[in-house]
Amino acid sequence: MPLTQPASRCRTVQQAKRFVFKPIRDIATAVVCATATNAAAQTDPVTLDPIIVQSTRTGTNILDTPASVSLVDGQTMRHNHLQVNLSESLGSVPGLLIQNRQNYAQDLQVSIRGYGARATFGVRGVRIYVDGIPATMPDGQGQTSNIDIASIDRVEVLRGPFSALYGNASGGVIDITTQRGANPPRLEGGFAAGSYDTQRYGVKALGETDAGGTLIDYSASLNRFQSEGYRDHSAAAKTLGNVKLGMLFENDSELTLTANVVPCSTNQYP
């Protein structure tokens, strides 16, 4: 038996080796390149802006506060929503339950961790604030129909025992902050329509100007909602206006004026 193989057989084996190992070498090279790319990407971390919540009475980083706080920005609340009720955009907040009973005379039913679930009308057991102004009456009853979603900047929901910062009878707090004007000035308009002759249309203006050393920012919104309703005698119409004016003086003192008007909020019975 010969100890050496024919030259033709050796060439065939070498070609087979090249055929088998070349794809493996290419794959190994691709893996090394991908690993190097991932390593290079990991060396450049992305730093996110801190999220500051104010419903804890003092501005605190949301990751540092021991309270249970959720924040929903106004842009998210206005995206693909009719912008009539808070139930459209706050349903994903943990511990918060908002039931829209489609009755604009009784408003929404709002409960936080069970507080307010037994209210037959209005909002009870949950405190509501708009730009620091209580939207809850001294008897504990509040309403959300006067909240202009088109001009909301952010909504903070405070749950748990830390809501005692706003009173010992509060099972939770919904703190709403409206937009402030900024440069460049802009004018926005919106229109939405749905079944049962439901319509919502409105206009909003925001801006900022310097008046003799005093920085003035303004935000004004006017909206109209109307619907025939899907039940008999359930037609409703509401006009809502919200104005916010801020003045920053040279001595760093600040004055903010807010006005919220509901000139027409009725149930129509043909």
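The values are calculated or read from the model by the stated rules, or taken from the named source; none is laboratory data. These numbers were taken from a predicted model, which means no experiment stands behind them. Because the Cβ atoms are built from the backbone with ideal geometry, glycine has one as well, and the counts that use them run over all protein chains shown.
Picking from residues in segment 39-93 that are touching a helix residue (DSSP H, G or I) at 6+ places or on another chain (Cβ under 9 Å) and of a type in the set (A, V, I, L, M), the one that is farthest from Ala237 (Cα to Cα) is Ala67. Only residues that are closer than 18 Å to Asn80 by Cα, of a type outside the set (A, V, I, L, M, F, W, C) and out of contact with any Asp or Glu (no Cβ under 6 Å at 6 or more places or on another chain) were counted across segment 192-225, and they come to 9. If you go through segment 178-226 and pick out every residue that is without any contact (Cβ under 8 Å) to a residue 40 or more places away in the chain and exposed (fewer than 14 other Cβ atoms within 10 Å of the Cβ), you end up with 19.
Would you check if Ala192 is outside the structural domain of Ser87 (by TED's automatic domain parsing) and in contact with a strand residue (DSSP E or B) (Cβ under 8 Å, 6 or more places away or on another chain)?
So Ala192 passes the test.
Pick from segment 227-240 the residues that are assigned to a strand (DSSP E or B) and surrounded by fewer than 18 Cβ atoms within 10 Å (Cβ to Cβ): which of them is nearest to the chain's Cα centre (by Cα)? Ranking the qualifying residues of segment 227-240, first place goes to Thr239.
Set side by side, the residues Arg154, Arg127, Arg118, Arg113 differ, and just one is of a type in the set (Lys, Arg), touching a residue at least 24 places away in the same chain (Cβ under 8 Å) and more than 25 Å from Thr239 (Cα to Cα), which is Arg113.
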